[in-house]
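Okay, here's the structure, questions in a sec.
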Amino acid sequence: MEDPDVIRIFDTTLRDGEQSPGATMTTEEKIQVAEQLVRLNVDIIEAGFPAASPGDLIAVREIARRTRGVAIAGLARANTCDIDAAWEGIREADRPVIHVFIATSEIHLKHKLKLNKEEALHQVKRMVAYARNLSPTVEFSAEDATRSEWDYLCRVFEAAIKAGATTINVPDTVGYALPHEYEALFRYLREHVPGIEEVVMSAHCHNDLGMATANTLGAIKGGARQVEVTINGLGERAGNTAVEEVVMALRTRPDYYGNVYTRINTQELLAASQLVSRLTGIPVQPNKAVVGQNAFAHEAGIHQDGMLKNRMTYEIMTPQSVGWADTKLVLGKHSGRHGLDARLRQLGHKLDAAQLKAAYRRFVVMADQKKHLTDADLVYIVETGKETPAAI
């Protein structure tokens, strides 16, 4: 029986994340990421899409063989060839998961699959049952669920559950949903799908409108107990939900989310972020939440003064909790005298009030000319003041 207070982390960095243009990794690089995901303590690693290419199948198989203590999922379209390839890839995993999907929105059924609703429903029944005959754990996803008719979606999920699906995924495939809509959809499904209480409901969001994290958190409010996420929010188009954002939101605001929690070792979040960035060559934007280089950096004088008095004035989590060494007080033209004094003391220069006032004047002049001042610049400011006091 699943603990209703635990939110399972289904990491799809190696599948959906790798579909981000330019993010392709070699098998050995994927294994490096998988090993880091184990250190991060994710619940499920979606290792790839085995039917996509021979190389993908090999990578998934190697991850399943060499990665212990975690469930390994392989993605498959709702056909026997894909499902067979997925099973071939994951069968040696400690806990194999076949992840079967088919689109359910009118636009996908008509223009992509060339199927009517009844034909798609029949395919769901047959292919989920086929996958369940191979694997004890089967996840079923209704691609483009948020643009599907809700009553039809209920019929599809009911059929998938009867056919043996153990997890039901409700993807916002194109990042179209709004948080209150997505939460309402989960509540509706919980109320209208027979057998839904016997399976795990999962959320999978894309960030096309910048709301992937908000939508995922809305789904948790609506009853989702698994979230499908990637390191750094990597993924197709504008990306997927970022694992670091969801995990730290739940940890920082447990009161709002009913005290649910994840099993994530949050101190490994930064290491995971930097590894994926290095291997894919896709940089993390400086102001990225949690893992961006500015996430715990403060330049404004008012902020630095507050931080020096009590860190909680401007930080809602500690940098150490996600893997950073410490807060950074960045010295630039917006910095104040207290920030300068604190850094100079760290460098071994304890100035009296008059000396600090003079040093701050020189600091402001230099800061206007440079974006950030180095420790060498600060030492130069102090030493110059000793040599030319009359110029102040």
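Relative contact order of region 159-292, please, whole-number percent, based on alpha carbon pairs below 8 angstrom and at least 6 residues apart.
20 percent
Looking at the chain as a GNM with Cα springs under 10 Å, which of 350, 117, 125 has the largest mean-square fluctuation?
Answer for the Gaussian network model of the chain: 350.
Treating only the Cβ of Lys, Arg, Asp and Glu as charged (+1, +1, -1, -1), what charge dipole size does the chain show about its Cα centre? Round to the nearest 20 debye.
Here the chain has a charge dipole of around 960 debye.
At R0 = 45 Å, how high is the FRET efficiency between residue 116 and residue 53 if r is their beta carbon distance? Nearest 0.05 is fine.
Using R0 = 45 Å, I get an efficiency of 0.90.
By per-residue mean of other Cβ atoms within 10 Å, what is the highest-first order of 359-365, 65-71?
Going from most to least packed, we get 359-365, 65-71.
Would you be so kind as to identify which of 238, 80, 293 lies farthest towards the positive end of the dipole of the chain, taking Lys and Arg as +1 and Asp and Glu as -1 on Cβ and the Cα centre as origin?
293
Evaluate the chain: find the radius of gyration of its Cα atoms, find its Kirkwood radius, and give the ratio Rg to Rh.
The Rg/Rh ratio comes out at 1.11.
I'm a student and want to see the number: the projected area of the Cα convex hull of region 39-134, averaged over all directions, in nm².
The orientation-averaged projected area of the Cα hull of region 39-134 comes to 6.6 nm².
Is there a pair in 117/162; 350/370; 30/288; 221/288; 30/114 whose C-alpha atoms are over 27 Å apart, and which pairs would that be?
30/114
Relative contact order for the chain: what is it in percent, counting Cα pairs under 8 Å that are at least 6 residues apart?
14 percent
Continuing with the same structure: Could you tell me the calculated FRET efficiency between residue 151 and residue 289, based on Cβ-Cβ distance and R0 = 45 angstrom, to the nearest 0.05?
Computed FRET efficiency for residue 151 and residue 289: 0.75.
What FRET efficiency, computed as 1/(1 + (r/R0)^6) with R0 = 45 Å and r the Cβ-Cβ distance, is obtained for residue 377 and residue 181, rounded to the nearest 0.05?
Here the calculated transfer efficiency is 0.30.
Can you tell me which of 171, 254, 179 moves the most in a GNM of the chain? Springs connect C-alpha atoms under 10 Å apart.
The residue that fluctuates most here is 254.
Hey, which aspartates and glutamates would be in cross-link range of residue 357, C-alpha to C-alpha under 13 Å, not counting anything within fewer than 8 residues on its own chain?
341
Residues of region 85-112 with backbone nitrogen within less than 19 Å of a virtual label 7 Å along the Cα-to-Cβ line of residue 27, please, listed as ranges.
It comes to 85-94, nothing else.
Next up: What residue among 243, 124, 199 shows peak mean-square fluctuation when the chain is described by a Gaussian network model with Cα springs under 10 Å?
Taking springs between Cα atoms under 10 Å, the residue moving most is 199.
Of 130, 63, 214, which is farthest along the charge dipole of the chain in the positive direction, counting Lys and Arg as +1 and Asp and Glu as -1 at C-beta?
214
Something else now. Fully extended, how many nm does the chain gain between residue 198 and residue 361 (0.36 nm per residue separation, minus their Cα-Cα distance)?
Contour length minus the Cα-Cα distance gives 51.9 nm.
Values quoted throughout were computed directly from the atomic coordinates according to the rules given, and no laboratory measurement underlies them. Nothing here was measured: the structure is a model prediction, and the numbers come from that model. Please note: Cβ atoms are built from the backbone with ideal geometry, for glycine as well, and neighbour counts cover all protein chains shown.
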